[in-house]
Amino acid sequence: MKQLAHRIDISRWFVPVVAGLSFFYLLVPIVYILIYSFNDSGRTNLTWRGFTLSNWQNPCRPAGLCDAFINSLQVALIATVVATVLGTMIAFGLERFRFKFAGSANLLVFLPLTAPEVVLGASLLSQFLNLGVQLGMTTTVLSHIMFCISFVVVTIRARIATLDPKLEEAAADLYASASTAFWKVTFPLLIPGIAAAALLSFAISFDDFIVANFNSGSYTTLPQFMYVAARRGIPAEANVIGSFMFLLAVSLVVAVQVWRYWRRRSLERAV
Amino acid sequence: MSTAVQTSAEEKRAWRLRGRMGMLLVLPGFLFIVVFFAIPVFSMLSMSLYTQPEGAATGVFEPGLNFGTYSAMMSTYWDTFIRSFGFALIATVAALIIGYPMAYLVAVRLRGRPLLQGLLLVVIIAPFFSSFILRVQSWRFILADEGFVVSTLETLSILPEGTRLTATPFAVVAGMTYLYLPLMTLPIYANLERMDSRLIEAGGDLYASGSQTFMRVTLPLSMPGIMAGTLLTFIPAAGDYVNAVMLGNNVNTTMVGQVIDSRFFQSVDYPGAAALSSVLMVIILIVVMAYVRRFGTKEIV
C-alpha cells in the first residue's frame, strides 16, 4: 500500500517536471536571440561584448537586411491573403456541400501536406525552368500561396466541423435566407478560425527558407538573407528584427488570450 | 401525398444547386493546386528523365526517357537517404517524448485554469513567431565548444574533455527536434484538450494506478493526435537541410535536401536533382499511406 502511494506521488510530479524542462528547452534559443540583439557586436554577433541599444536604434545598418525584411513582409502578406481566401472557400465547399469530385478535391488538398518543402520547391522550380519563367518575387509569392493553402484548408475545416448546425437551422427558422444565415451567423462564428489560419499562413510564409530558396532567383527574403549571412555570422541587427517580430506576435496573441479570458469571466458573472 | 413528392423534387433541386455551389467554392483553389502542385510534380518527374545531348552547354537538357539517372543517383546517394530518414525518425521520437508531457500538462492537468493554459500555449507556439534560421543559429552557439552546455557536461564528466557537439549528427538531430517540437505538441494538445476527463477519472475509480490509467486509457485515446503530430514532424524533418548545413556541415550529416539543392544550383544537374526529389517524394508518400492505413485517416491533421 505504501509503495502504491509512492508511485502515484511520482506520476504527480513527473509530468510537471518533465514539461517544465521542455518549456525551458523551448524558450532557451528565443531568450538567446533576444539577449544577443543587445550585443555590442561589431560586425558579427559571435561573442558577448557588452550591452548596447544601438542595434535597436539602427536596425537597417547591415546592407540588404531591411530590403530582405520588406520583401518577406510583402510576400507573406500577399500569400496570406490569397491562400486564406482560396483556402476558406475550399474548406467551406468541402465541409458543407456534397458534390461529384469532392473526393478527388479532398485528396488533392491533402497531398501537398505530404510533400516536404524540398519536393514542393523542386517541383515548382522544374515547372518554372521548363516554361522558361523568370524567377523573382512573383514566383516566390506563387510558391508560398501553394505552400500555405493546404494548411489553411485544414485549420478552417476543423473549425467548421465544430460549428453547431442547429445555429444555421435556427436562422432558417427565423426566415433568414441561406445567404443571410451564412453572413450573419456562420461567417462571424468562423472568424476566429479564419484569423488563426491567416496567422499560420503568415508565419509559414514569413519564416520559409527552403521553398523560397528554390523559387526566388535573385530576389532575397529575410530567411535567405540570414542563411547566407550565417556563414560569416548573422549581424545583431537581424536579431533585432527577429526579436521585434517575435514580441509583436506574442503580445498580440497574449492580448487576445487575456481578452477572451476576461470576456468569458464577465459573461459568466452576468449569467 | 402529392405535397410530399413535390417537396422531395424541390429538395432534390435544392441539393443539386447546393452541389453546384460547393463546386464553385472549391474550384478556384482546386485549379491553383492543380497548376502549382499537381502539374509541377509531373514536370519534376519528366525532368528526372531528361537527357543531356552530347557537347551541350551546362544546364541544357532535352526531353528523354533516361532512367539511368535514377540508378546513378541512388547508387551514389543511398546512404544519404538512409541518414535523412534516420535523423528524421530519431527527431520525431524525441519530439514525441518531449512534447507529450507538455501537451498533457497544459491540456489535462491544468484543466479549469484557462488563463494559465492560454499562456503556456503561447509558449508552445512562441518559436513559430521567431525566425527559424536565428533559432538554429542560436543552437549553434549554445552547443559550441566554449558554450555552457559543453562545459557543464564536461564538468559533470558526462562528456569526456575536449568533446565537440557542433558539427556532429547529435547537433543536427537536436536542432531538428527543437524546430519541429511545436508541430508535434499542438495536435496532441488539441486531442487531449477535447478528451472527456471523466474517462480518466473512471480509470482511477476502477483502482487503476496513475500509470495504468495513462497506458490503458489516455494514451490509446490520444493516438489520433500522436499520429498527426508524428506526420507533421517527420515529413518536413526528412526534407530539411538547414539544420544539417548550419549545425553539421560535414559528410556525416549531409541530408537529401542539401544534395537536391546543390544539384540544382551548383552542379546544374536538373535531371539528377529532379530524380532525387522524386524518390524522396515517393518514399514519403509510401510511408504516409502505410501509416494512414494502419491508424486510419479520421484525424490526420
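Taking the options B:Thr92, B:Thr51, B:Thr76, name whichever one is touching a Pro at 6+ places or on another chain (Cβ under 8 Å) and either of a type in the set (S, T, N, Q) or at the interface with chain A (Cβ under 9 Å from one of its Cβ atoms) (or both).
B:Thr51
Can you name the residue in the stretch B:237-255 that is surrounded by fewer than 23 Cβ atoms within 10 Å (Cβ to Cβ) and among the hydrophobic types (A, V, I, L, M, F, W, C) and, of all such residues, is farthest from the other protein chains (Cβ to nearest Cβ)?
Out of the qualifying residues, it is B:Val251.
What pairs come up if the first residue lies in the stretch B:273-293 and is over 24 Å from B:Gly225 (Cα atoms), the second is in a helix (DSSP H, G or I) and of a type in the set (Gly, Ala, Ser), and their beta carbons are under 6 Å apart, counting only those six or more places apart or on different chains?
B:Ala274/A:Ser126; B:Ser277/A:Ala122
In the list A:Leu190, A:Leu125, which residue meets the criterion of being facing another protein chain (nearest Cβ under 8 Å) and either touching a residue at least 12 places away in the same chain (Cβ under 8 Å) or not in a helix (DSSP H, G or I) (or both)?
Every option except A:Leu125 fails the conditions.
If we scan the stretch B:256-278, do we find a residue that is under 30 Å from B:Ala171 (Cβ atoms), facing chain A (nearest Cβ under 10 Å) and touching a Lys or Arg at 6+ places or on another chain (Cβ under 6 Å)?
Yes - at least one qualifying residue is present in the stretch B:256-278.
Give the residue that is farthest from the other protein chains (Cβ to nearest Cβ), with candidates limited to residues of the stretch A:129-141 that are over 7 Å from A:Asn215 (Cβ atoms) and touching a helix residue (DSSP H, G or I) at 6+ places or on another chain (Cβ under 6 Å).
If we take residues in the stretch A:129-141 being over 7 Å from A:Asn215 (Cβ atoms) and touching a helix residue (DSSP H, G or I) at 6+ places or on another chain (Cβ under 6 Å), then A:Val141 is farthest from the other protein chains (Cβ to nearest Cβ).
Would you confirm whether any residue within the stretch A:222-232 is buried (at least 20 other Cβ atoms within 10 Å of the Cβ) and β-branched (Val, Ile, Thr)?
No, the stretch A:222-232 contains no residue that is buried (at least 20 other Cβ atoms within 10 Å of the Cβ) and β-branched (Val, Ile, Thr).
Which fully enclosed helices (runs of 4 or more DSSP H) of the stretch A:50-115 have 3 or more residues being charged (D, E, K, R) and crowded, with 16+ Cβ neighbours inside 10 Å?
Because the criterion is at least 3 residues that are charged (D, E, K, R) and crowded, with 16+ Cβ neighbours inside 10 Å, no helices (runs of 4 or more DSSP H) in the stretch A:50-115 meet it.
Would a scan of the stretch B:201-212 turn up a residue that is part of a helix (DSSP H, G or I) and either β-branched (Val, Ile, Thr) or under 19 Å from A:Thr114 (Cα atoms) (or both)?
no
Considering only the stretch B:108-200, give the helices (runs of 4 or more DSSP H) lying wholly within it that have at least 1 residues that are away from chain A (no Cβ under 13 Å) and at pLDDT below 85.
Qualifying helices (runs of 4 or more DSSP H): B:148-155.
Can you tell which of A:Ser179, A:Ser205 is within 14 Å of the chain's Cα centre (by Cα) and assigned to a helix (DSSP H, G or I)?
One residue alone meets the criteria, A:Ser205.
Within the stretch A:29-45, restricting attention to residues that are surrounded by fewer than 16 Cβ atoms within 10 Å (Cβ to Cβ) and among the hydrophobic types (A, V, I, L, M, F, W, C), which residue is farthest from the chain's Cα centre (by Cα)?
Of everything passing the filter in the stretch A:29-45, A:Ile35 is farthest from the chain's Cα centre (by Cα).
Here is a list: A:Gly132, A:Gly193, A:Gly217. Which entry is on the phi > 0 side of the Ramachandran plot, of a type in the set (Gly, Ala, Ser), under 24 Å from the mean Cα position of the chain (by Cα) and surrounded by fewer than 23 Cβ atoms within 10 Å (Cβ to Cβ)?
A:Gly217
Go through the residues of the stretch B:54-72 one by one and say whether even a single one is in contact with a strand residue (DSSP E or B) (Cβ under 7 Å, 6 or more places away or on another chain), more than 30 Å from A:Ile90 (Cβ to Cβ) and free of Cβ contacts under 8 Å to residues at least 60 places away in the same chain.
Yes, that holds for at least one residue.
The values are calculated or read from the model by the stated rules, or taken from the named source; none is laboratory data. All values derive from a computational prediction rather than experimental measurement. Heads up, the Cβs are rebuilt from the backbone with ideal geometry, glycines too, and the neighbour counts pull from every protein chain shown.
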